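Read through the structure below, which is laid out as structure tokens, and then see the notes.
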Amino acid sequence: MDKDYSKYELSEHEKYKYLRSNNKNITYDSTNNYVSFFPLSKLVKISVNTQTSFANLYDIIENEGTPEQLDRLAHQFDDEESVAAVKCHKEKIEAETKRLYKKYNVENNRNARFEEDFYESHPEIDYVPPGIVLSGCIIDRPLGEGILEYIYADFQSVFKNEYLIGVMLLENPDLFDFAKDLPEVFEKSPPQTINNSFDEMIEEYLELDSSCDTTRLLAAQSLYTIICPPYLKENIGIRDYYFYLRALQREYLEILKFCFDENYYPELLGNLTPAERYYTYRQAKDLPSFIERNDELYMAFSPLLNEKNEPDFRATIDRVKSVFPEDKLSELAQELGTSNHILSLGLRGTHRLSKRYRFSTVAEILELELSIMLENDIRFRKCQRCGKYFIMKGNYDTRYCDRIADGETRSCQELAAQDNYKKKSADNKALPIYSKYYKRYAARVKVRQIKETDFKKWKYEALIKRDECTAGKITPEEYINWLESCFPNRKRRNKQA
């Protein structure tokens, strides 16, 4: 039986899923990344994918592909103008890579050694930066920082300044008369013939590389948009990508307010934990009461541990240097259908099961990070000075964040402390009195009119008197009289004629 969906109304959950789903214009889950969480340090370790490495793909095609496929991958250009444009583009990406390495304190790139060896063995090939500039990197960050960076990223200004006109032309090519004589915006390449899996690999690499170039300015606004690039199947996909990013921003700002803001409907939410608030939020938004996470157990190399559960590097080295009976090694290797070499590598290893999570999209890593924070009772709080959320650390109870706002040179915490001191000083008559006499007697210490030991004793007593004056036990006049009597000025001797 045919079905008529013309009057079908989407539920809130269906709208939610649709906005985050792949469509004819764009694919969001084009790459795979991994993240591990360390409860004691409250850190996340992110392993960025290596799928956009030119050297890796070139090595595969060189060994198993055809010369024609290798030429296509190598971006062979005949005219000098194209060569110069490609060189300039590479220089910009390399500069951006250095900036991001510094920003995110990147010290480890799993692919660096391979690429170094590759370019040494292929001196005729200029370095080709990966489409994802942090491809292969290991990045450590405090849990929750990724969410904060994302929700405060300025996608709106970048889209307006860099993409809006192009999108308007794509949607309405006749909107501007001058556009009729211009070449097509984001020109489409002709279809590429795919003969085998290597052609497919090359085409996917080039298409993702092109998508990364198109979205680079938007993606550069946060770590998660850098490492989770979309694949634009149609040029208009850049519009969908922007709407996707902004929708996630609004959603997570709303979630932080609902789950963590102490001043948000305290009469209704004040007795609930952040996790309970999040459950309520999902119920109100017609979202499932469960969260799907792609967790994996993998065999990670790690040193052996001693009785105190601390790394034992000596025992680890001894294990690596183990020598096995050759006859038994050969017997077991034959039984397993492997070589002595491979079996001995496994026997000498020090690996243990570790847990990590796989994510491909910005939406996945945001939900994953939030869920881990809720599991471990790590909370956000709204800064009472700048109005932005920050992560509460340990038992340190503060109402202000440690960010330095635009136009300021000190953090909100420092500025709040300064304001608080000024307010107390204005209300407390004893503070300026103490400050005046402290400066006077400190100056006399420097010229040796007052002994250092006497000054230290005086300072202790003066602070006690100051607190008594603040509490109203003595008047400011009584405090001044006491201060004057501590170190009276010496009378000058009359000069003899």
Legend entry - Spin-label model distance (nm) - MET392 vs GLN192, 7 Å beyond Cα toward Cβ: 5.2
Inset, instruction - Considering Cα pairs under 8 angstrom that are at least six residues apart, work out the relative contact order of segment 25-284 and quote it in whole percent. - result: 28
Inset, instruction - Grab the other residues whose beta carbon is less than 14 angstrom from that of CYS137, score K and R as +1, D and E as -1, and report the net. - result: +4
Inset, instruction - Based on the mean of other Cβ atoms within 10 Å per residue, sort peptides 356-364, 225-233, 116-124 so the most packed one is first. - result: 225-233, 356-364, 116-124
Legend entry - Which of LEU10, LEU332 has the fewest Cβ neighbours within 10 Å, and the rest in rising order: LEU10, LEU332
Inset, instruction - Return the distance in nm (one decimal) between the two label points of a simple spin-label model at ASN172 and LEU347, each offset 7 Å from Cα along Cα→Cβ. - result: 7.5
Legend entry - Among (i) 24.5; (ii) 48.3; (iii) 33.7, the entry derived from the coordinates for mean projected area of the Cα convex hull in nm²: (ii)
Legend entry - Cut-off 11 Å between beta-carbons: net charge of the residues surrounding ARG319, Lys and Arg +1, Asp and Glu -1: +1
Legend entry - Relative contact order of segment 301-436, pairs being alpha-carbon contacts under 8 Å that are 6 or more residues apart, as %: 12
Inset, instruction - Treating the angle as unsigned and between 0 and 90°, give the value, to the nearest 10°, between the Cα long axis of helix 54-64 and the longest Cα principal axis of the chain. - result: 20
Inset, instruction - Report ³J(HN,Hα) in whole Hz for each residue of segment 276-281, in order, from the Karplus equation J = 6.51 cos²θ - 1.76 cosθ + 1.60 where θ = phi - 60°; Gly and Pro get x. - result: 5, 5, 5, 4, 4, 4
Legend entry - Length-normalised contact order for the chain - Cα pairs under 8 Å, 6+ apart - percent: 16
Inset, instruction - Find out how many positive minus negative residues lie around ARG216, taking Lys and Arg as positive, Asp and Glu as negative, among other residues whose Cβ is under 11 Å from that of ARG216. - result: -3
Inset, instruction - For segment 116-178 and segment 216-254, write down the distance between their C-alpha centroids in whole Å. - result: 10
Legend entry - Fully extended contour minus Cα-Cα distance, from THR316 to ASN481, at 0.36 nm per residue: 52.1 nm
Inset, instruction - Pop the C-beta distance of LYS436 and ASP261 into the FRET formula with R0 = 45 Å and round what comes out to the nearest 0.05. - result: 0.55
Legend entry - TYR127 versus LEU287: modelled label distance in nm, points set 7 Å from Cα along the beta carbon direction: 4.1
Inset, instruction - Grab the DSSP H runs of the chain that are 4 residues or longer, score each as -39,500 (n - 2.57), total them, divide by all residues and round the 222 nm result to the nearest 500 deg cm²/dmol. - result: -16000 deg cm²/dmol
Legend entry - Ranked packing of 32-44, 307-319, most packed first, by mean Cβ within 10 Å: 32-44, 307-319
Legend entry - C-alpha long axis of helix 237-260 to longest principal axis of the chain, angle in °: 40
Legend entry - Gain in span if fully extended, ILE464 to GLN156, counting 0.36 nm per residue against the direct Cα distance: 105.3 nm
Inset, instruction - May I ask for the angle, rounded to the nearest 10°, between helix 412-427 and the longest principal axis of the chain, with both axes built from Cα atoms and the value confined to 0 to 90°? - result: 20
Inset, instruction - Please give the FRET efficiency for PHE324 paired with TYR101, using the beta carbon to beta carbon distance and R0 = 56 Å, rounded to the nearest 0.05. - result: 0.85
Legend entry - Computed FRET value (nearest 0.05) for ASN420 with LEU217, which takes r as the C-beta separation and R₀ as 45 Å: 0.65
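A short reminder: the numbers here are calculations on the coordinates, not readings from a lab. Quick caveat, the model's predicted, so the values are computed rather than measured. Cβ coordinates were reconstructed from backbone atoms using ideal geometry, including for glycine residues, and neighbour counts include every protein chain displayed.
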